[in-house]
Amino acid sequence: MDMHEAKRVEIIIEKIMENRLTDLLIEAGVKGFSVLPVSGGSGRSGHWSREGQISRAQGMSAVVCLVKPDRLDKTLDAIFPMLDRHIGVVSVTDTKVMRAELF
Amino acid sequence: MDMHEAKRVEIIIEKIMENRLTDLLIEAGVKGFSVLPVSGGSGRSGHWSREGQISRAQGMSAVVCLVKPDRLDKTLDAIFPMLDRHIGVVSVTDTKVMRAELF
Amino acid sequence: MDMHEAKRVEIIIEKIMENRLTDLLIEAGVKGFSVLPVSGGSGRSGHWSREGQISRAQGMSAVVCLVKPDRLDKTLDAIFPMLDRHIGVVSVTDTKVMRAELF
Amino acid sequence: MEQLFSLAQQNLLSPIILFFALGFSAAIAKSDLNFPEAIAKGMSLYLLFAIGFKGGASLSGYGIDAQLILSLLSGVILSACLPFLAFVLLRIMTKMSAIDAAAVAAHYGSISIVTFVAASSILEIQGITFDGYMVAVAATMEAPAIISALWLISRKSKESKGLDSELMREILLNGSIVLLIGSFFIGLLTGKEGLSEIAPFISAPFKGVLCLFLLDMGLVAGRGLVNAKGAVSARAVLFGIVMPLAGATAGLICAMIIGLSLGSTVLMMVLSASASYIAVPAAMRVAVPEANPAIYLTLSLGVTFPFNLTVGIPLYVTIASAVIGA
Amino acid sequence: MEQLFSLAQQNLLSPIILFFALGFSAAIAKSDLNFPEAIAKGMSLYLLFAIGFKGGASLSGYGIDAQLILSLLSGVILSACLPFLAFVLLRIMTKMSAIDAAAVAAHYGSISIVTFVAASSILEIQGITFDGYMVAVAATMEAPAIISALWLISRKSKESKGLDSELMREILLNGSIVLLIGSFFIGLLTGKEGLSEIAPFISAPFKGVLCLFLLDMGLVAGRGLVNAKGAVSARAVLFGIVMPLAGATAGLICAMIIGLSLGSTVLMMVLSASASYIAVPAAMRVAVPEANPAIYLTLSLGVTFPFNLTVGIPLYVTIASAVIGA
Amino acid sequence: MEQLFSLAQQNLLSPIILFFALGFSAAIAKSDLNFPEAIAKGMSLYLLFAIGFKGGASLSGYGIDAQLILSLLSGVILSACLPFLAFVLLRIMTKMSAIDAAAVAAHYGSISIVTFVAASSILEIQGITFDGYMVAVAATMEAPAIISALWLISRKSKESKGLDSELMREILLNGSIVLLIGSFFIGLLTGKEGLSEIAPFISAPFKGVLCLFLLDMGLVAGRGLVNAKGAVSARAVLFGIVMPLAGATAGLICAMIIGLSLGSTVLMMVLSASASYIAVPAAMRVAVPEANPAIYLTLSLGVTFPFNLTVGIPLYVTIASAVIGA
Ligand SMILES: Nc1ncnc2c1ncn2[C@@H]1O[C@H](COP(=O)(O)O)[C@@H](O)[C@H]1O
Ligand SMILES: Nc1ncnc2c1ncn2[C@@H]1O[C@H](COP(=O)(O)O)[C@@H](O)[C@H]1O
Ligand SMILES: Nc1ncnc2c1ncn2[C@@H]1O[C@H](COP(=O)(O)O)[C@@H](O)[C@H]1O
Ligand code: NA
Ligand code: NA
Ligand code: NA
C-alpha cells in the first residue's frame, strides 16, 4: 500500500463555534474535514456532559482534519485567532494517508 | 507501564457501508474496532450535517482500529477495494498500546 | 506556530465506567479530557451496536486526554487497575499541541 | 378547473403544507432551526407504524378479493416499469450520464411514503374514502424499481457489482418496509378492537405529528437545495416536474383498468408520481457509488416532493374526479 | 385449562405481543429496522413516568394500611431471597461458574418493569383490578437482589470489590427508581385532579407507546440472541423458563399470606417471575466485570422476558384465579 | 395576602412544579436520571410549536388593533432597556466585572419561554384569560436585549468583536424564534379549523409534556448548580431574585400604560421577570467568550428560573389582581 505523510489536526471546540471554525478551515484551503460529536469533558472551565443540556450554548465538537504537511502552517494560522479567544484544544499528529491527492 | 508498538487505523466512511467495512476488517483478522458517529463534514462531495437528515443514505462513521504493526498491510489490503469506490478517508498513525495480546 | 510535544491518550471503555475513569484521571492530575460517544464496536466479547440498546450497561465511550509527556506515566498508572479488570483498550500517540500551559 | 383552484388553495393553506413551507424557508434563510436526527427518525417510525396499522385495521373483516391482488400486482408492475420511462425521459431531456440517469430513475419508480400520507390526509378532509390495502400497495412499490435500475446500470457499466444477495436482503427487509407491512398485518389481525386500543396514539395526534414531520422535511429539502446549488441543471429540474405527471398518468391508467375507487385511484397516482428519498438513495450508495447523490436527492427531495405536496396532489384529485367521477 | 388457553390465545393476539414478535422476527431476519437510542430511552422514561403517576394517583385518598406495608415488605424479602433460589437452581441445572451464576441470580431477584406494565395491561383488558401501590412494590424490588448477589460473589471471589458506597448510591438512586418513585409520589400528592390534567398524555396514548416500545424490545432481544449464539447452553435456557415459574410460585405464596386481591397477586407473581435487564446488568458490569454479560442478558432479555410476555402472564392469571378465586 | 398564599400553595402542589422539584432534587442527590439530548430538544420543539400555533389560532378572526401593536412595541422596549437596569443593579450589588455583568444583563432583558408557558398554565387553571398575541410579544423580546448588552460591552472592551452580520442573522433567525413565530402565523392563517385538526396533538397532551420537560429542566438546573459551586457569590444570587422583581414591576407599568387585561398583564410581568437560558447564552459565547458562562447560566437557570416558577408567578398574579382588579 502506498502511504503518504500527512498531519491529523484535531480541534475540540465549542459547538456554537463549529460553523465559524469550518468556514475558516475551508478558507484556509483544507480539502475536507469531519466533525465528531463530543458528549462530555472537563477542563479549566469545569466539567460538563451533553445529556440533559437544553442550551445550545453548551457542548463541544471535535473537528478532525487530515492535511498535507505543507498545508499545516496555513491551516493553523487560520484557526489560531479563534482558538485564542474561545475555549478548546488543538493537537497535531503525524500520520499517513492513502491517496495523497485527496488532502 | 509496558507499551507496545501498534498502528491506529482511522477510517471515515459512509454509514451505509459501515457493516460491509467491519465485515472486511473481521475477515482480515483484526481483533477489534470501535465505531464513532460523525455528525458532519466536508470533502469533494460537499458539505453535510447529520442533523435533520432523514435519509439513512447520508452520514458517515469513523471506524477506529488498533492493530499490531505486522497486521497492518493485510488490513489495508482488505479494505482498499471498498475505499477505492466509496467516498471516505483513511489515516494510519503510529501509536502505543498496553496489553499487546489484545491486538 | 509554536508547537509543544504532548501525548494523546485515547481510552475506549464501557460507558458505565466512564465517570469512575474520569475521576481517576482528575485525581491523577490531568488538566482536561473530552469524551466522545462510541456507537458500536467489536472485540473479544463480541459485536455490539448502540442503536436499539435499552440497557445502560452496554455501550462504550472514548475518552481522549491530551497530557504533557512528563505526566503520562502517572496518568497511565492511575487508570491501569481499572482497565485491567474492565473491557476496553488504551492507545498513546505522540502529538503536538499549541499553548503548552493548558496540558 | 375551478375545483382545481379551490382544492389547490385549500391544500396550500392546510397546516401540513404551511409547516413544510416554513421549514423550507427557514432553511433557505439559513436559520439554525433543526430537528435532532433521533427525533426525525422517531417521527418517521411513528408515521409508518400508524398508517400501516390503520390500513390493516380498516381492511380487517373484508376477505381477499381480486381487486386487492390486482392492485398489488399493478404496484409491482408500475414500480418495475416506471424507471425505464424515467430513464428514457432523462436521456432525452437532460445531459445526465447513463449511470446518474439510472440512479435517478430508480427513485421515481419507488415511492415516498410521506407524500402518500399527505395525500390520504387531503382525501380525508375532502371526505373521499380509499381502500386500506393501498398501504400494502405502497409497500410493494418500494423495491422493484431498484432492481430495474440496477439492471439498467449493469448493462452500461462493467464495474458495477450490481445486486448481491446482501443488498437484496437489505432492500427487501429495509426497516420502513418491515415496519409498514408488519403494522399492516397486526392491524389486520387485531382489527377494530386492536385499533380502538391504540387509536388515541395513532389516530388523534397523527395530523399534528405529520405537521412537525413536514416542518423537518422542509428544513431538509431546503438545506439540500442550498448545498446542492449547481449540481442540478434546469433541465433536470424540469424532469423533476414532468416525471411525476407522467408517473401519475401511468398510475391513473392502471387504476382505471382495475377499476379502483376514486380515493384509491388518487393514491395510485400519488404513489406512481412520488419519488423515494430514503430506501433508494441508500441502495444506490451501496450498489452504484459512482452515481452522484446530490443529483438524485435534490431532484427527489428538493423538486418532486414539494411539487407533489403543493401542486401535484390537488391536480391528481381533480383529474381523477373528472375521469372517474366522484 | 380452558381459561388458560383462551387467555393465552387472547394474549398472543394482542397488539403489544404481536409488535414484540414483529421486532423479534425482524431482528432474527437481520432487517435493519431499529430505534434510535434516544427514542428508546425516551419511551422508557415515558412509561415509568406514566405508570408511576397513575399508580400514585389511584392510591391517593386511601390511607396507608397494613396490607400496603406488608406488600412492600414482601417485595423486599422476595427480591432479597430469590437470588439464592436462582443461584442454587443454576448450580444444579447448569455448569455455569459461581460468579456467572451469582450475576444471573441477581437479575432474577430484581424485576422487569415492562413485564409489569404488560401484565397490568392484560389485567385491565380482563377487567381485573389491582392496587396502585403495586408500582411502589415494583420499585422496592429493584435493588435488594443486587445486594444478595454481591454477597454471594464476595464469598466466592477474593478479587471482587463488591459494594462500595458509590455503587450503592448508583443502585438506590438509579434513574428508573427515582422516576418511578418520584412520579408515584407526585401522583399521590396531586391525586385525581393532577391525573385529570395529564391523563391525555399518560393514559390515552399509553397502549400505543407500549406497542412501539415492545417492538423495540423485540428488536433488541432478537439481536441479542443472534449475537449471543453459543454463549448460553440449553440447560441455561431451561433455567430461564423454570426460574420464572419458581419465582411466580414464591410470589403467589407471599401474596396469599398477605391476602392480596387477585389482580395484585398476579402482579406480585409477575414481579417475582420477571428478570431485570437494565439496572442489574449495569450494577454487575461495575461490581463483577468478570461475569459474562452475554449470559445474563441473553437469559433475562432473550429467554425469560419473551417467556413471561407470551406464556407466563396468562399462566399466572389462570393459576391465581384458580387459587384465589376471582 | 391570603390570595397569595393559597395561590402559592396551589402552584407549589401542581404537577409541573413538583416534577421540576423532582428533577432538581434528583440532580442534587446525584441520581443518574437523565434525558437524552435529542428528547429534551424534541420536547422543546414541541412546546414552541404548540404555544405558537395556539396563540396564533386564538387570535385569528380578530383584526390587528392598537393594543396588539403597543404590546409588541412594549416588548421590544422592555427587552432593550432591562439590560441597563440589570447592569446597574449588578454593578451596585455585586463585584462582577463589567463584561460578566453585561453578559448577565443580556439574559435578564431576554425571556424564558418555559416560564411563559408555566405562567399561562397557571392562568388557565385560575380561569384567567389572556391574549393570544402575547406569544408574539414573547418572540419580540428574545433579541433586543442581546443588542443592548453588546453595546454595553463594546463600550467597555476594545477586544470585543461585537455584533457582526453573521451573529445578527443567528440571533434573529435562531430556531426558537423561527418556530415560535412561524407556528404563530400558521395558527393565525388556519385559525380554529387548523387548530381543531391538530388539537389532539398540541392541546390535550400539552400539560403532560410540560411536566416531563420541567423534570428535565430540574435535572439540568440542579446539575448546573452542583457543577457551578463557587462560581456565583451570595450577592449575585440575591441579584437573581431582586432582578425578576424589578423586571416584573417594569412589565406591570408598561402593561398598565397600554391597558392590558389581567391575564396579559401577568404574562408581560412574567416575560420581563424571566431570564433567557438558550438563545442568549449562545450569543454570548460567540460574541463575548471572555464572559464566564458559569455565572450567567447559574443565575438564569439555577436561581431565577426556579424562583419565578415557584414564588414569582403566584406573586405576579396576586399583584396584578390587586392593582388591576380581576
Ligand atoms: N487536555 C485535554 N484533553 C482533551 N480535551 C480537553 C483537554 N482540555 C480541555 N479539553 C476539552 O476542551 C473543553 C474546554 O476546556 P477548557 O477551556 O479547559 O475548560 C473541555 O470541556 C474538554 O472537552
Ligand atoms: N481531509 C479530510 N479530513 C477529514 N475528513 C475528511 C477529509 N476529507 C474528507 N473527509 C470526510 O469524508 C467525507 C467524504 O469526503 P469526500 O469524498 O471528499 O466528499 C467528508 O464529508 C468528511 O466527513
Ligand atoms: N483493536 C481494537 N481497536 C479499537 N477498538 C477496540 C479494539 N479492541 C476492542 N475495542 C473496543 O473495545 C470494546 C471491548 O473490547 P473487548 O474487551 O475485546 O470485547 C470493543 O467493543 C471495541 O469497541
Ligand atoms: Na413513483
Ligand atoms: Na424477579
Ligand atoms: Na426578562
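The values are calculated or read from the model by the stated rules, or taken from the named source; none is laboratory data. The structure presented is a predicted model; accordingly, all values stated were derived computationally and were not measured. When we count neighbours, we look across all protein chains shown, and the Cβ atoms used for this are built from the backbone with ideal geometry, even at glycine. Surface areas here come from the heavy atoms of the whole protein model, side chains and all, with no ligands, DNA or RNA. Shrake-Rupley method; radii C 1.70, N 1.55, O 1.52, S 1.80 Å.
What percent does the relative contact order of region B:4-97 come to when contacts are Cα pairs within less than 8 Å and at least six residues apart?
After rounding, I find 53 percent.
For A:ASP94, what charge total do you get from the other residues with a beta carbon under 15 Å from its beta carbon, if Lys and Arg give +1 and Asp and Glu give -1?
That sum, taken over residues with Cβ under 15 Å, equals +2.
Cα gyration tensor of chain D, axes a ≥ b ≥ c as square roots of the eigenvalues: rounded (a/c below 1.5), prolate (a/b > b/c) or oblate?
It comes out rounded by the Cα gyration axes.
Quick check: the distance between the Cα centres of region E:154-212 and region D:119-139, to the nearest angstrom?
41 Å
Quick one: which residues, 5 or more positions from F:SER110 or on another chain, have an amide H under 5 Å from its amide H? H modelled 1.01 Å from N in the peptide plane, none for Pro or chain starts.
Answer set, sorted by chain and number: F:SER276.
Could you please point out the chain D residue with its Cβ nearest to the axis of the rotation taking chain D onto chain E, and the distance in whole angstrom?
Looking at chain D's Cβ atoms against the axis toward E, the nearest is D:ALA38, 2.
Given a 1.4 Å probe and heavy atoms of the protein chains only, how would you sort E:LYS192, E:LYS207, largest accessible area at the top?
Accessible-area ranking of E:LYS192, E:LYS207, largest first: E:LYS192, E:LYS207.
To the nearest whole number, what is the average tally of beta carbon atoms from other chains within 10 Å of the beta carbons of peptide E:43-51?
The shielding value for this peptide is 3.
How crowded by other chains is F:273-281, given as the mean number of beta carbons from other chains within 10 Å of each beta carbon?
The shielding value for this peptide is 2.
With +1 on each Lys and Arg Cβ and -1 on each Asp and Glu Cβ, and nothing else charged, work out how big the dipole of chain E is about its Cα centre, in Debye to the nearest 20.
780 debye
In nm, give the distance between the simple-model label positions of C:ILE26 and F:LEU13, each being 7 Å from the Cα along the Cα-to-Cβ direction.
4.0 nm
Return the calculated 222 nm mean residue ellipticity for chain E, to the nearest 500 deg cm²/dmol, obtained by summing -39500 (n - 2.57) across DSSP H runs with n ≥ 4 and dividing by the residue count.
One gets -24500 deg cm²/dmol as the mean residue ellipticity at 222 nm.
Quick one: Cα centre-to-centre distance for region C:77-95 and region D:265-297, in angstrom?
46 Å
If amide H atoms are built 1.01 Å from N in the plane of the peptide, which residues on other chains or at least 5 residues away come under 5 Å of the amide H of E:LEU260?
none
Assuming R0 = 41 Å, can you tell me the calculated FRET efficiency for the pair A:ARG44 and B:ARG99, based on Cβ-Cβ distance, to the nearest 0.05?
After rounding, the FRET efficiency stands at 0.80.
Counting Lys +1, Arg +1, Asp -1, Glu -1, what net charge surrounds A:ILE26 among other residues with beta carbon under 13 Å of its beta carbon?
Here the charged neighbours net out to +2.
Which percent of Cα-Cα pairs in the protein assembly as shown sits in each 10 Å bin, short to long?
With a bin width of 10 Å, the distribution comes to 2, 9, 17, 22, 22, 18, 9, 2, 0.
Solvent-accessible area per residue for the protein assembly as shown at a 1.4 Å probe radius, Å²?
I get 35 Å² per residue for the protein assembly as shown.
At q = 0.12 Å⁻¹, what is the base-10 log of I(q)/I(0) for chain B according to the Debye formula with one equal point scatterer per Cα and no solvent? Please give it to two decimals.
After summing over all Cα pairs, the log10 values are -0.42.
Number of Lys pairs in region A:4-97 with C-alpha atoms less than 22 angstrom apart, excluding same-chain neighbours closer than eight positions?
Going through region A:4-97 pair by pair, I get 10.
Please give the total accessible area that chains C and A bury against each other, computed with a 1.4 Å probe and expressed in Å² to the nearest 100.
Roughly 2000 Å² of accessible surface disappears when C and A pair.
Would you mind telling me which residue in F:SER79, F:SER203, F:SER300 has the biggest mean-square fluctuation in a Gaussian network model of chain F, where springs connect alpha carbons within a distance under 10 angstrom?
Of F:SER79, F:SER203, F:SER300, the Gaussian network model singles out F:SER203 as fluctuating most.
Which of F:GLY182, F:GLY75, F:GLY55 moves the most in a Gaussian network model of chain F with Cα springs under 10 Å?
F:GLY182
Using a simple charge model, +1 on the beta-carbon of Lys and Arg, -1 on the beta-carbon of Asp and Glu, nothing else, what dipole does the protein assembly as shown show about its Cα centre, in debye to the nearest 20?
With Lys and Arg at +1 and Asp and Glu at -1, about 1200 debye.
Ignoring ligands, DNA and RNA and using a 1.4 Å probe, state the total buried accessible area between D and F in Å², rounded to the nearest 100.
It comes to approximately 2000 Å² buried between D and F.
Count of lysine pairs in chain D with Cα atoms under 25 Å apart, counting only pairs 8 or more residues apart in sequence or on different chains?
11
Using the alpha-carbon atoms, what tilt in degrees (0 to 90, nearest 10) does helix B:72-85 show relative to the longest principal axis of chain B?
Roughly 10 degrees between the two axes.
Report, in whole Å, the centroid distance computed from the Cα atoms of region F:216-237 and region C:1-36.
Centre-to-centre (Cα) distance: 25 Å.
Lys and Arg at +1, Asp and Glu at -1: add these up for the other residues within a Cβ distance under 15 Å of F:ALA236 and post the number.
Its environment carries a net charge of +3.
In whole percent, what relative contact order does chain D give with Cα contacts below 8 Å and a gap of six or more residues?
Here the relative contact order equals 33 percent.
Within chain E, which DSSP H helices have Cα atoms that stretch 30 Å or more along the helix axis and a mean Kyte-Doolittle hydropathy of at least 1.6?
Helices meeting the span and hydropathy rule in chain E are E:66-93, E:234-258.
Roughly what would the spin-label model give for D:ASP164 and C:GLU5, points 7 Å off Cα along C-beta, in nm?
4.6 nm
Using a 1.4 Å probe on the protein chains only, how many percent of the accessible area of region A:4-97 belongs to carbon and sulfur?
Roughly 49 percent of what the probe reaches on region A:4-97 is carbon or sulfur.
How high is the relative contact order of region E:71-205, in percent, counting Cα pairs under 8 Å that sit 6 or more residues apart?
29 percent
Inter-copy label distances at E:VAL88, 7 Å along the Cα→beta-carbon direction, one decimal in nm, shortest first?
Here the equivalent label points are 8.0, 8.0 nm apart from this one.
Could the peptides F:209-218, E:25-34, C:74-83 be put in order, highest first, of the mean number of other beta-carbon atoms found within 10 Å of their residues?
F:209-218, E:25-34, C:74-83
Along the Cα-to-Cβ line of D:ILE64, 7 Å from the Cα, sits a label point; which residues in region D:105-142 have backbone N less than 18 Å from it?
D:132-141
Tell me the angle of helix B:18-27 to the major Cα principal axis of chain B, expressed in degrees between 0 and 90 and rounded to the nearest ten.
So the helix axis and the longest Cα principal axis differ by about 20 degrees.
On average, how many beta carbons from a partner chain sit within 10 Å of the beta carbon of a residue in F:20-28?
Other-chain Cβ atoms within 10 Å of each residue's Cβ, averaged: 2.
Have a look at B:PRO37, F:ILE171, C:ALA78 and report the one farthest towards the positive end of the charge dipole of the protein assembly as shown, computed about the Cα centre with Cβ charges (Lys/Arg +1, Asp/Glu -1).
Result: C:ALA78, furthest along the dipole toward the positive end.
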